[in-house]
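Below is one structure; the comments refer to it alone.
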Amino acid sequence: MAKLKYYQAFNRALREEMVRDEDVIVMGEDVGESGGIFAQTRGLHAEFGGTRVRDTPIAENGFVSAAVGAAMTGLRPVVEIGFEDFLTCCMDPLVNQAAKLRYMLGGQVSVPLTVYTFGSGGVNAGPQHSQSLGAWFAQVPGLKVVTPSTPRDVLGLFKSAIRDDNPVLCLFAKRLIGSSGEVPEDGADFTLPIGRSEVRREGGDITIVGVSTMVRAALSAAESLAEDNGIEAEVIDVMSLSPLDSDTIIASVKRTGQLCIVHEAHAPCGIGAEIIARVVEQAHGALKAAPLRITPPFAPSPFAPVLEKAYLPNAARIADEIRALLA
Amino acid sequence: MSKLDQQTVLAMHRTMCRIRYFEEAASAKYKEGDLPGFIHLSIGQEACAVGVCSTLEPSDYITSTHRGHGHCLAKGGDAKLMMAELFAKQAGYSQGRGGSMHIADVSVGMLGANGIVGQSMPLGVGAALTAQVKESGAVAVAFFGEGASGAGVAHEAMNMASLWRLPLVFFCEANRYAELSPYETHVPVANVADRAPAYDMPGVTIDGGDVLAVHETMREAVARARGGQGPSLIEAKTYRWHGHYEGDPQVYKPEGETEAEKKGDPILRVEAVLKERFGVAEAALTAAHAEEKAAIADAVTFAEQAPDPTPDGLTANVYAEMGGV
């Protein structure tokens, strides 16, 4: 195993896929010579040139739509939307075009488009640069949505997204960009299947499902619950919001009888609500108590560090709420 | 004009007739209640679709608007499969999943009509980008209307196409009405093409009822695009004989305007050229009309007799079967 930071795993995944398939191109604001604000595309312009690594004007609607047109005609575009909040500026090409063209045209085309972006909060970026909007896109047939939380998952899921013949939205987390983790060695050509969750920690007392940044918080909470209270939590990283792997979650809930979901997105109509719905639909008898959702309050993400700290769920809050639930 | 030979003009005339009869049949069947949903017809605009597509190879791309039947036929689409799609039948181009507003034949480079006004332009940028990256030699044409010229993506698309010197032609069919409102409601300048200098691309406004003029102007723009000299903007002034949608009472049109425009029927205009310049006999033109009319009647019969789609295929083609991994 090698050790990489989250953004380095991203860079390696993209580079490997560009070497593997010359139809893969990268486009977006500042993806070229500058290498991006997180150094995520550093070196790619020098290696592959401006035809395949293309800076765009600040025109999300236009360049995502252009990428859809390119994907329909034989390229495999990988498109950066720097901050997840700006997905709102390209809803039409994602929702009305990319997601539906194959269906609308009776299977005449596929749209092998990857759109990646950096979301989540915790870096004091304020209301327009801190959102987690994945559930919106999980409601759209034709799209896939992944939320990798570790460098290994970034590597494996991003490579799978680029190879997928469908439009895939990769939601990365700004807060995790500098985090490190083990990844398979160079040359391993490591991919992970889209639509599968993984158990990160085994335990028999409660199932905690975490999304993106909240997987780490859940793991940390699980350690303190074990140490302080003898509660063994099972922690699942959801990894893909669409398709959603409810089987892994339901199997765990059948063992533990308790369910807690933690995400940075707001609670109403969120992925937590969907998970609870599926558990209730398919295994309602397994639940010993009402499930728990831990999310920010229904308000935009605040700028002030002291407020954002109170706003985002964290390990202490998760542990406290679970203690109360199981008391 | 001298470059055009008789065969080419006859072929253009024939395709214009095909579009006219297709649209008239669709209109009639819609009135009878046989076609579900909405349809947007291009009667009166045939010279645009045909003048443009007569300059393209099958490997070239077009992206189209919600008013796309003529574009699809002109690019080589099959009237039977199109009509079956309008009739919402399984035999249609999209097995009844898309309908009139998404009519497409990707095998001939027609990437689809589109229900979102303006998106034909950046989608066309994408097709041209593929041609450039793959060095395929193909060009793309993005059809749009003057209404779309006010959308943000129109600017974004023209800006990108020019920055990247893409092999693309933006072809504006300025048909005087965008949805239910006249040109002046949407566009503050006399000509959409007047905006071309802002993108450092050639722009020209032409008579969209003159199929020969459309063809000649397009030939230059296509040669420029194929030669790596970048995009062009062509605006064809034309006229939509019918409403925005079938059933539109068209209260916004001045009385007598449509009747006056019909006197400049683009099909009659090309017929005058064929007779006067090329000495084509009236009988040959009458025969072309009869054959195209019969072919469309066959398409209607085919569509009427085709089976409905069945609900067991409701989720087909939502996702592509996974290749790759």
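The values are calculated or read from the model by the stated rules, or taken from the named source; none is laboratory data. What you see is a predicted model; the values in this text were computed from it and never measured. Heads up, the Cβs are rebuilt from the backbone with ideal geometry, glycines too, and the neighbour counts pull from every protein chain shown.
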### Subset tally (residues that are charged (D, E, K, R), outside any helix (DSSP H, G or I) and within 18 Å of B:TYR177 (Cα to Cα)) for the range B:238-294
6
### Task
Go through B:ARG14, B:ARG18, B:ARG97 for me and flag whichever is assigned to a loop (DSSP other than H, G, I, E, B) and touching a residue at least 60 places away in the same chain (Cβ under 8 Å).
B:ARG97
### Message
Of all residues being charged (D, E, K, R) and not in a helix (DSSP H, G or I) in the range B:49-88, which is surrounded by the fewest Cβ atoms within 10 Å (Cβ to Cβ)? Just the residue, please.
### Response
B:GLU57
### Message
Can you tell me which condition A:ARG15 does not meet? The list is (1) more than 19 Å from the chain's Cα centre (by Cα); (2) crowded, with 21+ Cβ neighbours inside 10 Å, and all the others hold.
### Response
(2)
### Message
So for the range B:212-226 (the condition being surrounded by fewer than 22 Cβ atoms within 10 Å (Cβ to Cβ), farther than 20 Å from B:GLY137 by Cα and either touching a Phe, Trp or Tyr at 6+ places or on another chain (Cβ under 6 Å) or of a type in the set (A, V, I, L, M, F, W, C) (or both)), does at least one residue qualify?
### Response
yes
### Query
Do you know which of the residues in the range B:157-185 that are of a type outside the set (A, V, I, L, M, F, W, C) and under 16 Å from B:LEU41 (Cα atoms) is surrounded by the most Cβ atoms within 10 Å (Cβ to Cβ)?
B:GLU173
### Task
Being closer than 20 Å to A:ALA67 by Cβ, within 8 Å of chain A (Cβ to nearest Cβ) and of a type in the set (Gly, Ala, Ser) narrows it down to one of B:GLY92, B:GLY118, B:GLY98, B:GLY152, so name that one.
B:GLY152
### Message
in a loop (DSSP other than H, G, I, E, B) and either more than 9 Å from chain B (Cβ to nearest Cβ) or not acidic (Asp, Glu) (or both): which single residue out of A:GLN97, A:GLN108 fits that description?
### Response
A:GLN108
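Okay, residues lined up against (1) touching an Asp or Glu at 6+ places or on another chain (Cβ under 8 Å); (2) in the same structural domain as A:THR256 (by TED's automatic domain parsing):
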site: A:LEU171; (1), (2): yes, no
site: A:LYS174; (1), (2): no, no
site: A:LEU192; (1), (2): yes, no
site: A:GLY203; (1), (2): yes, yes
### Query
Quick one: is A:ARG152 away from every other protein chain (no Cβ under 11 Å), assigned to a strand (DSSP E or B), of a type in the set (Lys, Arg) and in contact with a strand residue (DSSP E or B) (Cβ under 8 Å, 6 or more places away or on another chain)?
no
### Summary
Of the residues in the range A:49-87, those that are within 11 Å of chain B (Cβ to nearest Cβ), in contact (Cβ under 8 Å) with a residue 40 or more places away in the chain and of a type outside the set (Val, Ile, Thr) come to A:ALA67, A:ALA70, A:ALA71, A:GLY74, A:LEU75, A:ARG76, A:PRO77
